[in-house]
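The next block holds one structure in the form of structure tokens; read it before the comments.
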Number of protein chains: 2
Amino acid sequence: MRNIKILIEYDGTNYKGWQIQSNAKSVQGELTKALRSLIGSKVTLTGAGRTDSGVHAMGQVANFRTESEISARKFMEGLNGTLPKDIRILHSIEVEEDFHSRRDALERQYHYKVIKRESALARFYAYGPGYDLSLQDMVTAAKIIKANTDFSSFCNTRSETENKKCKIRKSEWRENGDYMYYTIAADRFIYNMVRSLVGTMIEVGRGKITVEQFEEIFDKSDRSAAGPNAPAHGLYLEKVVYAENFN
Amino acid sequence: MRNIKILIEYDGTNYKGWQIQSNAKSVQGELTKALRSLIGSKVTLTGAGRTDSGVHAMGQVANFRTESEISARKFMEGLNGTLPKDIRILHSIEVEEDFHSRRDALERQYHYKVIKRESALARFYAYGPGYDLSLQDMVTAAKIIKANTDFSSFCNTRSETENKKCKIRKSEWRENGDYMYYTIAADRFIYNMVRSLVGTMIEVGRGKITVEQFEEIFDKSDRSAAGPNAPAHGLYLEKVVYAENFN
């Protein structure tokens, strides 16, 4: 069996997230449908990250096994010919047979876009909280995140049985004109963790939670101690990192 | 009569352009409707630039006269409460009674976004020609535009009776990652001129027209000598400049 790895960009606005569902439009569902029509038989598609409803991706990675003789590059062209315009394949290559896009991921990177004013053009692509935020306090909060490893207080109750430890490799805010960007990279993420971290940092930025209180949330291991989830439409799965032999 | 000036950002994707029309959704139409509901009587809204169907704006300027006692700032808040989310008022102030957003504009600035790859997220916000472009040749073409004043070869036949002279104050391409940005500022623009200039520069960039041929198009005063119009969705009305007393 050949194993094909694809790099995917999508606009999550019109999808109920990555994961295939019976009654709702999903990115994985659209891709599976397009693959079936291209290859002529059913294909199982594995994705690196399960993005929520409304979350975007510029670097989602997925893989599928097939007996098809279509060249790796032609998968990109063929899929882009069939897929809706809000899902695009940016790259497709053949990889080793044992490659698994989720299990082999060494690191995932997300970013979150905040806009500091009303915006028509960014309404689906950045979150506008509508109040002033202190970048300095949010930068400090981002450093606190990097220094921690237990994210029990920042994960949805839906993920209660999971391992709550993550190695954070990057956690930083930067400002550019009317936008504030948060970038976070880690070996793994827990369900809803990034939106919960960003939502709580925004509470810090607007002065509802002090930097000290933010630090204490980590020790409480209690989701209700943190702030609300930031809205999905500001979040992007930016890239997934693998060992060199899988690139 | 008070005279209120508003600064408007809009996503042109779902509108048949700025100008009010009886059978199609327009930005001016939505604004007029929102103003009527806010003020309670009919208002005539004048815009600085008539953008085409699908063209965006982050700096459209308009003005209207009213007897209403609503404070200038409250016009922004009130309109944003009523308008669809793809039209936002960024600023509203009271100006001198004789201010006219179109006639008093000293300079308008547009920019055009080209993306060098397939993109799901930019599909309504940048044009992807799908072939390699030489930035260097396009930079030269942009300089030629700045050196010219007669744009007869770059205006739609619909504008035949108009004055075809424009003073170009800025005309430049820059590249940033996967994007190429063209910025043009002038005292005035002729109908379809920016899209015609960009479409022709793209022909230069892909090698269909040489820089020398591009220069010769100006002397021909013939629209058919130029390239096709670049698609509307890459174009943005960026700002409109007025004399200081109108700001």
Given the criterion touching a strand residue (DSSP E or B) at 6+ places or on another chain (Cβ under 8 Å) and among the polar types (S, T, N, Q), identify the matching residue among A:Ser224, A:Ser171. A:Ser171
When region B:126-138 is checked residue by residue, the ones that are more than 14 Å from every other protein chain (Cβ to nearest Cβ), touching a residue at least 12 places away in the same chain (Cβ under 8 Å) and either surrounded by fewer than 21 Cβ atoms within 10 Å (Cβ to Cβ) or part of a strand (DSSP E or B) (or both) are B:Pro129, B:Tyr131, B:Asp132, B:Leu133, B:Ser134, B:Leu135, B:Asp137
Take the residues in region B:188-214 that are at pLDDT below 95 and more than 14 Å from B:Ile145 (Cβ to Cβ), then tell me which one is surrounded by the most Cβ atoms within 10 Å (Cβ to Cβ). B:Asn192
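Can A:Asp178 be described as surrounded by fewer than 17 Cβ atoms within 10 Å (Cβ to Cβ) and more than 14 Å from every other protein chain (Cβ to nearest Cβ)? Steps first, answer last, please.
Details: surrounded by fewer than 17 Cβ atoms within 10 Å (Cβ to Cβ): yes; more than 14 Å from every other protein chain (Cβ to nearest Cβ): no.
Spelling it out, it is not the case that A:Asp178 is surrounded by fewer than 17 Cβ atoms within 10 Å (Cβ to Cβ) and more than 14 Å from every other protein chain (Cβ to nearest Cβ).
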Of (1) over 16 Å from the mean Cα position of the chain (by Cα); (2) within 30 Å of A:Gly207 (Cβ to Cβ); (3) modelled with pLDDT under 95, A:Arg73 satisfies every one except (2)
Could you count how many residues in region B:200-244 are hydrophobic (A, V, I, L, M, F, W, C) and part of a helix (DSSP H, G or I)? 9
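Return yes when B:Arg123 is outside any strand (DSSP E or B), within 14 Å of chain A (Cβ to nearest Cβ) and modelled with pLDDT under 95 and no when it is not.
Numbers: outside any strand (DSSP E or B): yes; within 14 Å of chain A (Cβ to nearest Cβ): yes; modelled with pLDDT under 95: no.
No; evaluated as a whole, the condition is false for this residue.
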Residue tally, condition over 17 Å from B:Lys16 (Cα atoms) and within 11 Å of another protein chain (Cβ to nearest Cβ), over region B:59-80: 4
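Output the number of residues of region A:30-52 satisfying the condition of being assigned to a helix (DSSP H, G or I) and away from chain B (no Cβ under 14 Å). Give the derivation first.
Step one: of region A:30-52, the residues assigned to a helix (DSSP H, G or I) are A:30-39.
Okay, now just the ones that are also away from chain B (no Cβ under 14 Å), so A:32-33, A:35-39.
Total meeting the criteria: 7.
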Filter region A:87-122 for residues that are under 20 Å from the mean Cα position of the chain (by Cα) and charged (D, E, K, R); which is nearest to A:Met76 (Cα to Cα)? A:Arg88
For B:Ala105, state whether it is assigned to a loop (DSSP other than H, G, I, E, B), crowded, with 16+ Cβ neighbours inside 10 Å, within 14 Å of chain A (Cβ to nearest Cβ) and among the aliphatic types (A, V, I, L, M). no
Within region A:14-29, which residues are assigned to a loop (DSSP other than H, G, I, E, B) and among the hydrophobic types (A, V, I, L, M, F, W, C)? A:Trp18, A:Ile20, A:Ala24
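For residues that are outside any strand (DSSP E or B) and either outside the structural domain of B:Thr51 (by TED's automatic domain parsing) or surrounded by 16 or more Cβ atoms within 10 Å (Cβ to Cβ) (or both), tally how many sit in region B:83-101.
Applying the first criterion (outside any strand (DSSP E or B)) to region B:83-101 yields B:83-86, B:96-101.
In the following step, the residues that additionally are either outside the structural domain of B:Thr51 (by TED's automatic domain parsing) or surrounded by 16 or more Cβ atoms within 10 Å (Cβ to Cβ) (or both) were identified as B:83-84, B:86, B:99, B:101.
So the answer is 5.
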Identify, from the list B:Gly59, B:Gly54, B:Gly17, the residue that is touching a strand residue (DSSP E or B) at 6+ places or on another chain (Cβ under 9 Å) and under 30 Å from B:Tyr131 (Cβ atoms). B:Gly54
Just need a number here: residues in region B:57-82 that are of a type in the set (Lys, Arg) and either part of a loop (DSSP other than H, G, I, E, B) or buried (at least 20 other Cβ atoms within 10 Å of the Cβ) (or both). 0
Exactly one condition in (1) within 25 Å of A:Asn192 (Cα to Cα); (2) within 20 Å of the chain's Cα centre (by Cα) is false for A:Met138; which is it? (2)
Among (1) in the same structural domain as A:Ala232 (by TED's automatic domain parsing); (2) in contact with a Ser or Thr (Cβ under 9 Å, 6 or more places away or on another chain); (3) over 19 Å from A:Thr13 (Cα atoms), which single condition is A:Lys116 missing? (2)
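The values are calculated or read from the model by the stated rules, or taken from the named source; none is laboratory data. This is a predicted model, so every value here is computed, not measured. Cβ atoms come from the backbone with ideal geometry, glycine included; neighbour counts cover every protein chain shown.
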